[in-house]
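Undergrad: Below you will find the structure I want to go over with you.
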Amino acid sequence: MRTSKVVHAKHFKLLVVGGGAGGLGAASKFARKLPRDSVGIIEPREDHYYQPGFTLVGGGLMTLEANRRRQEDLIPKNATWIRDKVETFEPVKNLVKLRDGEEISYDYMVIAMGIQLRFDMIKGAKEALKTPGVCSNYSPFYVEKHYREAMNFKGGNAVFTFPNTPIKCAGAPQKACYITDSILRQRGVRDKAHMIYATSLKRLFGIESYLKSLEKVAKEKDIDVRTRRNLIEVDSENKMATFEFLDDDAKPTGKTERVEYSLLHIGPPCSAPEALRKSPFADKSGFMDVDVASLQSKKFPNVFGVGDCMNTPNAKTAAAVSSHLKTIEQNLTQVMQGKQPCMEYDGYASCPLVVSTNRVILAEFNSKGAMETTPFDQSKPTYWAYLMKRYFMPALYWNGLIKGYWNGPATIRNCSRLVKSK
């Protein structure tokens, strides 16, 4: 790996924008295929986090440090790391401009910029996160605070929110709620808490195969599930959260309610990063407009997308990235050879729903329904699924996904179906 803070008139066969799971995975795959120094990665951050582990950090089940690696240790050895940020895209010229005005050109590009947390879209939220009682598992700056707040909770409303925007790991706000419930029970103060899960959605979970199991979990834990609510303001001085009511189309009705909180876990609104939102690649929502099958840009055929920054209908999870990488590896290689892309992304995503400090519902699905890998009933909370979440999946991420070796569980799933059919 070569590192450069300033690159003058540099050109790459393949430029990867973003050094998260998708960016590292894509760069790793093509750094092995292309000649040395053909791949460049633009990523400003020096720390890389295994973000699926944040739920467990917030529950006191992992440390934040266990989920952190130095970015420089993860960059493929045959690639060049550009420690900077893209300011603008100019795809007609096949180049990007960096923050300091430097230009980098490319033959092909993979955009893997992830998703931007937008606490700023909730009035008072950024300030409230610095005050007692308010936390979020979505940020490395606030995730450890969740466990401290749960351990210090004495009584009152414990409120967990889900935003009215796209969001990474849509199950995370629920996980935070369930884990907090377990912690309060272990501490003997659960009877002093009124647990509220306020979601902008019309129901607890979008995939029918897992809905009944999660509704049962919420009922058994005495969670007050409030649908079609969207957090719009936090008054940290008076510890009040204001929600707007939404109609069946998730549009504001004009009505609001104020809820007092002792603990408030914020599931932040999310958007595509600013540079992407303002680029020719974006659709009306600001996300990268790609063909949902090939993951190829609809406007610029030498550019592909990976991960949360795209407008594909899949849930925005690290598990989805594995199938994205499998798809673009074949399709981008074909385009480089002057052929048409032929592989189709199957829409796969996964969300290991942590429902206590030692049980997980291993949800695997696409927009059509469940896509379970094992021969077992994954809609039921199990200890083996928790062990996978806690131990196996982090190892798979660090040693497989970001190194470009893990293409998702499709092959295992096909074998599993043979077992089920017998």
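Undergrad: Enumerate the pairs (first residue in segment 367-396 and surrounded by 14 or more Cβ atoms within 10 Å (Cβ to Cβ); second residue anywhere and among the basic types (Lys, Arg)) with beta-carbon separation below 6 Å, excluding pairs fewer than 6 apart on the same chain, so at least 6 apart or on different chains.
TA: Thr373/Arg413; Pro375/Lys420; Pro381/Arg359; Tyr386/Arg359
Undergrad: Now for a different question. For segment 68-91, state whether one or more residues are outside any loop (DSSP other than H, G, I, E, B), touching a Leu at 6+ places or on another chain (Cβ under 7 Å) and farther than 27 Å from Gly171 by Cα.
TA: yes
Undergrad: Now for a separate question. Keeping to segment 302-349, report how many residues are in contact (Cβ under 8 Å) with a residue 60 or more places away in the chain and either in a helix (DSSP H, G or I) or of a type in the set (Val, Ile, Thr) (or both).
TA: Qualifying residue count for the region: 20.
Undergrad: Considering only residues that are of a type in the set (S, T, N, Q) and within 19 Å of Gly347 (Cα to Cα), look in segment 397-415 and name the one that is least open to solvent (accessible area, probe 1.4 Å).
TA: Per the criteria, the residue is Asn407.
Undergrad: Run down Val321, Val335, Val355 and say which single residue is aliphatic (A, V, I, L, M) and within 15 Å of the chain's Cα centre (by Cα).
TA: Val321
Undergrad: Looking at (1) among the aliphatic types (A, V, I, L, M); (2) closer than 13 Å to Gly408 by Cβ; (3) without any contact (Cβ under 8 Å) to a residue 60 or more places away in the chain; (4) open to solvent by 10 Å² or more (accessible area, probe 1.4 Å), which one does Ala282 not meet, given that it meets all the others?
TA: It is condition (2) that Ala282 fails.
Undergrad: Another question, then. Scan segment 405-422 and report the pairs whose first residue is at pLDDT below 65 and whose second residue is of a type outside the set (Val, Ile, Thr) and surrounded by 10 or more Cβ atoms within 10 Å (Cβ to Cβ), with Cβ atoms within less than 7 Å and a gap of 6+ or a chain change.
TA: Val419/Pro375; Lys420/Pro375
Undergrad: Please verify whether Val306 is closer than 25 Å to Lys403 by Cα and touching a His at 6+ places or on another chain (Cβ under 8 Å), treating the condition exactly as stated.
TA: Answer is yes for this residue.
Undergrad: Here's another thing I want to ask about it. Ile75 is checked against (1) in contact (Cβ under 8 Å) with a residue 40 or more places away in the chain; (2) open to solvent by 20 Å² or more (accessible area, probe 1.4 Å); (3) touching a helix residue (DSSP H, G or I) at 6+ places or on another chain (Cβ under 9 Å) and fails just one. What number does that condition carry?
TA: Among (1) in contact (Cβ under 8 Å) with a residue 40 or more places away in the chain; (2) open to solvent by 20 Å² or more (accessible area, probe 1.4 Å); (3) touching a helix residue (DSSP H, G or I) at 6+ places or on another chain (Cβ under 9 Å), Ile75 violates only (2).
Undergrad: Now for a different question. Determine which member of the set Ile266, Ile328 is surrounded by 15 or more Cβ atoms within 10 Å (Cβ to Cβ), assigned by the TED database to the domain that holds Pro166 and within 29 Å of Gln378 (Cα to Cα).
TA: Working: Ile328 fails: assigned by the TED database to the domain that holds Pro166.
Unique residue meeting the criteria: Ile266.
Undergrad: Quick one: is Ala275 touching a strand residue (DSSP E or B) at 6+ places or on another chain (Cβ under 9 Å), closer than 24 Å to Pro394 by Cβ, surrounded by 19 or more Cβ atoms within 10 Å (Cβ to Cβ) and at pLDDT 95 or above?
TA: So Ala275 fails the test.
Undergrad: Within segment 238-259, restricting attention to residues that are surrounded by fewer than 14 Cβ atoms within 10 Å (Cβ to Cβ) and touching a residue at least 24 places away in the same chain (Cβ under 8 Å), which residue is farthest from Thr312 (Cα to Cα)?
TA: Looking at residues that are surrounded by fewer than 14 Cβ atoms within 10 Å (Cβ to Cβ) and touching a residue at least 24 places away in the same chain (Cβ under 8 Å), I get Glu257.
Undergrad: Within segment 222-237, which residues are charged (D, E, K, R) and either within 24 Å of the chain's Cα centre (by Cα) or open to solvent by 60 Å² or more (accessible area, probe 1.4 Å) (or both)?
TA: Asp222, Arg226, Arg228, Arg229, Glu233, Glu237
Undergrad: When you scan segment 51-60, do you find a residue that is over 22 Å from Val306 (Cα atoms), outside any strand (DSSP E or B) and open to solvent by 20 Å² or more (accessible area, probe 1.4 Å), even just one? Please lay out each step first, then the result.
TA: Within segment 51-60, the first condition is being over 22 Å from Val306 (Cα atoms), and the residues that meet it are 55-60.
Now narrow it down to the ones that are outside any strand (DSSP E or B): 55-60.
Of the ones still in play, those that are also open to solvent by 20 Å² or more (accessible area, probe 1.4 Å) are 60.
Yes: one or more hits.
The values are calculated or read from the model by the stated rules, or taken from the named source; none is laboratory data. Note that this is a predicted model, so its numbers are computed, not measured. We place every Cβ from the backbone using ideal geometry, glycine too, and count neighbours over all the protein chains shown. The accessibility values were calculated without ligands, DNA or RNA, using every heavy atom of the protein model including side chains. Shrake-Rupley method; radii C 1.70, N 1.55, O 1.52, S 1.80 Å.
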